[in-house]
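K.L.:
Here it is: the structure, laid out below.
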Amino acid sequence: MNKTPILLGSLISRISPNLIRYASSSSASSTGRKVAVLGASGGIGQPLSLLLKLSPLISDLSLYDIQHTKGVGADLSHIETRAKVKAYVGKEELGNALKGMDLVVIPAGVPRKPGMTRDDLFNTNATIVADLVSACAKNCPRAIIAIIANPVNSTVVIAAEILKANNVYDEKKVVGVTTLDVVRAATFVAEAKGLDPTKVNVPVIGGHSGNTIIPLLSQVSPPVSFSQQELDSLSTRIQNAGTEVVEAKAGTGSATLSMAHAGARFSFSVLEALSGKQGVVECGYIASHDGEFSHFATPLLFGRNGVEKSMGTGKLSDYEKKLLEKAKKELNTNIQSGLTFAKQYLAKSK
Ligand SMILES: NC(=O)C1=CN([C@@H]2O[C@H](COP(=O)(O)OP(=O)(O)OC[C@H]3O[C@@H](n4cnc5c(N)ncnc54)[C@H](O)[C@@H]3O)[C@@H](O)[C@H]2O)C=CC1
Ligand SMILES: O=C([O-])CC(=O)C(=O)O
């Protein structure tokens, strides 16, 4: 008898009621999924890989980084759960790390230091993401790609252009991970209103940097009302929460543990939907045809092939319309930077 899901359910239920569904024996589908983490030795990569290793949905966990993956892999491989862990290090092992993957999660890239914006990471991280996604195009063209590396508003656009140039782009399968904004919004709203944070849902739309993060406080579930002062302070805190962590870490990095949780939550939702679970919704930043932006974050319905459809923004309050107006310039600039970079990158690699 496989007792792992039961043990795991009991372990995780003592940690977070939100995670029980991922560990219950009923969610352990017979077809395990293959998941790769690129940047697996990093501040996000290690705890994210640990959380993924705990999931009965995953049969194979492929860890890739340019350093230290052999140690991380050996360590995780001793945990008594379903996923078989394989570690790959260095460019020459990247192709093998990706073959056969259903989901590739990318936290590879440098993090911010105090005083930097996410956009300041562009020069380094754009090339890292472009190289990794080029390898995905060749080795796992049908995989869902979840991009954590910043600036997400641009790196997702770069990924899309690289996949298009390789004739393997499926816009239902390339998503920027904005789950941390949703996680923070639920936590801060629950704190402000004395609610159970595991029962609060706050959609967050737009993008994943400063002004482009637009929490929809008029659509909180369960419904709650806010004073103008609460709207201002909560929206500002959600938009600046990444900076709050960067400053508290004082030069040693940005959010890693909360991001690992958010990345795992997003991955588990994708995997559950791939296995046929209905009604799985997570916010994410994807190609968009609904409005004036070529990419935009909204709640997304996931299915057997990735994103089934965007659930749209719903009806925005006047306050949220103003936030959207303020986001426009930055989001369009970020999208344009991604397009310009991708053009140059593709021209150079011809
Ligand atoms: N989407 C989101 O909500 C969030 C995004 N981030 C972003 O995630 C990224 C990673 O953050 P941390 O894990 O804290 O950084 P980190 O520096 O601790 O780890 C990054 C890892 O990427 C690896 N790496 C670098 N180049 C690589 C390549 N070409 N191929 C494979 N691996 C490579 C490094 O060796 C390192 O292990 C940053 O860009 C950060 O801004 C961070 C928090 C939240
Ligand atoms: O703020 C950063 O640089 C990392 C990040 O994206 C976040 O924590 O939301």
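The values are calculated or read from the model by the stated rules, or taken from the named source; none is laboratory data. What you are looking at is a predicted structure, and each value in this text was computed from that prediction instead of being measured. Here the Cβ positions follow ideal geometry from the backbone for every residue, glycine too, while neighbour counts run over all protein chains shown.
K.L.:
Between residues in the stretch 256-279 that are not assigned by the TED database to the domain that holds Asn150 and residues that are aromatic (Phe, Trp, Tyr) and part of a helix (DSSP H, G or I), which pairs lie under 6 Å by C-beta distance while being six or more apart or on different chains?
P.N.:
Note: pairs meeting the criteria are Phe268/Tyr22.
K.L.:
If you check Ala97, Ala192, which single one turns out to be in contact with a helix residue (DSSP H, G or I) (Cβ under 7 Å, 6 or more places away or on another chain) and not in a loop (DSSP other than H, G, I, E, B)?
P.N.:
After applying the criteria, what remains is Ala192.
K.L.:
Let me ask something else about it. Search the stretch 270-318 for residues being over 25 Å from Ser235 (Cα atoms) and of a type in the set (S, T, N, Q), and hand back the single one that is surrounded by the fewest Cβ atoms within 10 Å (Cβ to Cβ).
P.N.:
In this case the residue turns out to be Gln278.
K.L.:
Any residue in the stretch 98-126 that's within 11 Å of ligand 1 (Cβ to nearest atom): show its pairings with residues that are charged (D, E, K, R) and assigned to a loop (DSSP other than H, G, I, E, B) at Cβ separation under 8 Å, as long as the two are six or more apart or on different chains.
P.N.:
Arg118/Arg112; Asp120/Arg112; Leu121/Arg112
K.L.:
Right, here's the next one. Could you grab the pairs with beta carbons closer than 6 Å, sequence gap of 6+ or different chains, first residue in the stretch 199-227 and free of Cβ contacts under 8 Å to residues at least 12 places away in the same chain, second one of a type outside the set (Lys, Arg) and assigned to a loop (DSSP other than H, G, I, E, B)?
P.N.:
Going by the 6 Å Cβ cut-off, there are no qualifying pairs.
K.L.:
Check off (1) assigned to a helix (DSSP H, G or I); (2) near ligand 1 (Cβ under 9 Å from one of its atoms); (3) under 20 Å from Ala342 (Cα atoms) for Ala149 and give me the number that stays unchecked.
P.N.:
(1)
K.L.:
Of the residues that sit in the stretch 219-264 and are more than 13 Å from ligand 2 (Cβ to nearest atom) and crowded, with 18+ Cβ neighbours inside 10 Å, which one is farthest from Ala192 (Cα to Cα)?
P.N.:
Among those residues, the one meeting the criterion is Ala264.
K.L.:
Restricting to the stretch 154-175, name every residue that is crowded, with 21+ Cβ neighbours inside 10 Å, in contact with a strand residue (DSSP E or B) (Cβ under 7 Å, 6 or more places away or on another chain) and part of a helix (DSSP H, G or I).
P.N.:
Within the stretch 154-175, Thr155, Val156, Val157, Ala159, Ala160, Leu163, Lys173 qualify.
K.L.:
Would you mind finding the one in Val204, Val245 that is assigned by the TED database to the domain that holds Ser317, under 14 Å from Pro114 (Cα atoms), of a type in the set (Val, Ile, Thr) and within 12 Å of ligand 1 (Cβ to nearest atom)?
P.N.:
Being assigned by the TED database to the domain that holds Ser317, under 14 Å from Pro114 (Cα atoms), of a type in the set (Val, Ile, Thr) and within 12 Å of ligand 1 (Cβ to nearest atom) holds for just one of Val204, Val245, which is Val245.
K.L.:
Residues to consider are Asp75, Asp120; find the one that is closer than 16 Å to His208 by Cα and of a type in the set (Asp, Glu).
P.N.:
Sole residue among the options that is closer than 16 Å to His208 by Cα and of a type in the set (Asp, Glu): Asp120.
K.L.:
Residues in the stretch 111-156 that are within 16 Å of ligand 2 (Cβ to nearest atom) and under 16 Å from the mean Cα position of the chain (by Cα): how many?
P.N.:
Of the residues in the stretch 111-156, 15 are within 16 Å of ligand 2 (Cβ to nearest atom) and under 16 Å from the mean Cα position of the chain (by Cα).
K.L.:
Looking at the structure I just gave you, is Gly73 modelled with pLDDT of 95 or more, within 20 Å of Asn139 (Cβ to Cβ) and within 16 Å of ligand 2 (Cβ to nearest atom)?
P.N.:
When the stated conditions are applied, Gly73 does not pass them.
K.L.:
Name the single residue that is farthest from ligand 2 (Cβ to nearest atom) among those in the stretch 157-194 being of a type in the set (Asp, Glu) and touching a residue at least 12 places away in the same chain (Cβ under 8 Å).
P.N.:
Within the stretch 157-194, the match that is farthest from ligand 2 (Cβ to nearest atom) is Asp170.
K.L.:
To continue, here is another question. Being buried (at least 19 other Cβ atoms within 10 Å of the Cβ) and either touching a residue at least 12 places away in the same chain (Cβ under 8 Å) or touching a Gly at 6+ places or on another chain (Cβ under 8 Å) (or both): is that true of Leu346 here?
P.N.:
So Leu346 fails the test.
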